[in-house]
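Here's the structure we're looking at; comments come further down.
Every read-out reported here was derived from the displayed coordinates using simple, explicitly stated rules and does not represent laboratory data. Note that the structure is predicted; figures quoted are calculated from it, not measured. Every residue, glycine among them, receives a Cβ derived from its backbone with ideal geometry; neighbour counts consider all protein chains shown.
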Amino acid sequence: MGMVKKKSEEKPKFRSIVHAVQAGIFVERMYRKSFHMVGLAYPEAVIVTLKDVDKWSFDVFSLNEASGEHSLKFMIYELFTRYDLINRFKIPVSCLIAFAEALEVGYSKHKNPYHNLIHAADVTQTVHYIMLHTGIMHWLTELEILAMVFAAAIHDYEHTGTTNNFHIQTRSDVAILYNDRSVLENHHVSAAYRLMQEEEMNVLVNLTKDDWRDLRNLVIEMVLSTDMSGHFQQIKNIRNSLQQPDGIDRAKTMSLILHAADISHPAKSWQLHHRWTMALMEEFFRQGDKEAELGLPFSPLCDRKSTMVAQSQIGFIDFIVEPTFSLLTDSTEKIIVPLIEEASKTETSSYGPSRRSNMKGTMNEGTYSPDYSLGSVDLKSFKNNLVDIIQQNKERWKELAAQGESDLHRNSEELVNTEEKHAETHS
Ligand code: CMP
Ligand code: MG
Ligand code: ZN
């Protein structure tokens, strides 16, 4: 009896979150009508750009413009609402908005071309896309979904625009504080948690002690695992665990999703990938300028005069991005395929068998509602889409590498400078 009761107590929680996202359009319409009085007012242009939030081709730069440079705040609010996290964890809306705004201030502190609030919004949306289209959101608990979105939003908070190695070499305060270990990543989590010690930003105020502790453990593990120096070990460990019969570690799988989202721009459309690459290179080059001033040797990719951008991108894609996404698709397949099989056997399952027969989605009060049920998950399309785009981007870099790199350097500086001027005139 005890077990039956426990199960029936747990199920509705699990169902509610899946249903909330399945009914995304409905929830969206509902909260826009009724809760926006106390919540966040969406400008029309923001509503338009967020219509693509479930797509791989989502343009975070458009959202950033439409929102007056507040893409992170809107992304956080949108996803907390869609996943019903505000209700489930009794998050005071005013705290959520104040916290999101404070995150934006921290992400803007060092005026970085790449590690800014747009990158945080991008990674958060990409995590959402992966959870949705691999079906992993059906496997995660509500607390784990909160951990995923939260960790993505804070994962580079107050990034200094310089690398861990630069902090270590210059013996910066944070390097001393964290003993040269994952210096930036430790700071991102610590500083974000410090914000929540202010009552008006304490989004986690109503979590139970257990939930608060579990969430913190997950967030720390996930953000620390975005340190690229742990990349190869992380990939190796998860690859090995896939061979074990019961080898799936929930926190490690979640960390892989965040890490993949963090390095996902080479798998996005060329226009997005090229823009992100130029921004990152300019950030690296500014570090190189500082290194030259300090008489330190250039870090890799930081010398604006000699860095081979196109070549390095091909290397980054071949050695880092492709193996990461290949592991991501293999891991999610191992988790989700048995769940889909199980759901298809159980008629009264929470995975929406009735929706499965309607793979193309439904019309709801004249609005198209996409089908987000487990049965509609198409892992092959998810994988093929990524493989195709990565391949196309590699071809583009190969063409550019063949043309010679000189034009590219000038472009990186010009592109970022033009964007900065644009941002200044708009602020
Ligand atoms: P960060 O976002 O903190 O974590 C992932 C890191 O990967 C990122 O910082 C960069 O240092 C690195 N990175 C991301 N994209 C590229 C790229 N296209 N080329 C080289 N390094 C990259
Ligand atoms: Mg980082
Ligand atoms: Zn990042």
Which value in nm describes the separation of the simple spin-label points at residue 177 and residue 296, placed 7 Å from the Cα toward the beta carbon?
1.7
Translational diffusion of the stretch 206-327, µm² s⁻¹ [Kirkwood Rh, Cα pairs; Stokes-Einstein; 37 °C; 0.692 mPa s]:
196
Average projection area in nm² (convex hull over Cα atoms of the stretch 71-157, one quarter of hull surface):
5.2
State whether the stretch 123-232 is rounded, prolate or oblate according to the following rule on the C-alpha gyration tensor (a ≥ b ≥ c being the square roots of its eigenvalues): a/c under 1.5 gives rounded; otherwise a/b larger than b/c gives prolate, and the remaining case gives oblate.
oblate
proj_area_mean for the stretch 138-297 (convex hull on C-alpha atoms), units nm², value 12.3
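Shape call for the stretch 41-122 from the C-alpha gyration tensor, a ≥ b ≥ c root eigenvalues: rounded (a/c under 1.5), prolate (a/b greater than b/c) or oblate?
Here the stretch 41-122 falls in the oblate category.
How about the stretch 132-239: which trypsin sites (Lys or Arg not before Pro) there are in a DSSP loop, with at most 16 other Cβ atoms within 10 Å of their Cβ?
Those satisfying the criteria are 171, 181.
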HN-Hα couplings for the stretch 302-314 via Karplus (6.51, -1.76, 1.60; θ = phi - 60°), in whole Hz with x for Gly/Pro, come out as 9, 8, 5, 8, 10, 6, 8, 4, 4, 4, 5, 5, 4
Residue by residue through the stretch 171-188, which ³J(HN,Hα) values in whole Hz follow from phi under the Karplus form 6.51 cos²θ - 1.76 cosθ + 1.60 (θ = phi - 60°), with glycine and proline marked x?
6, 5, 4, 5, 5, 5, 4, 9, 6, 6, 9, 5, 4, 5, 4, 4, 5, 4
Which whole-Hz ³J(HN,Hα) couplings does the stretch 249-257 yield from phi under the Karplus relation 6.51 cos²θ - 1.76 cosθ + 1.60, θ = phi - 60°, glycine and proline marked x?
9, 4, 5, 5, 5, 5, 5, 5, 4
Counting only residues 5 or more places away or on other chains, whose amide H sits under 5 Å from the amide H of residue 304 once H atoms are built in the peptide plane?
none
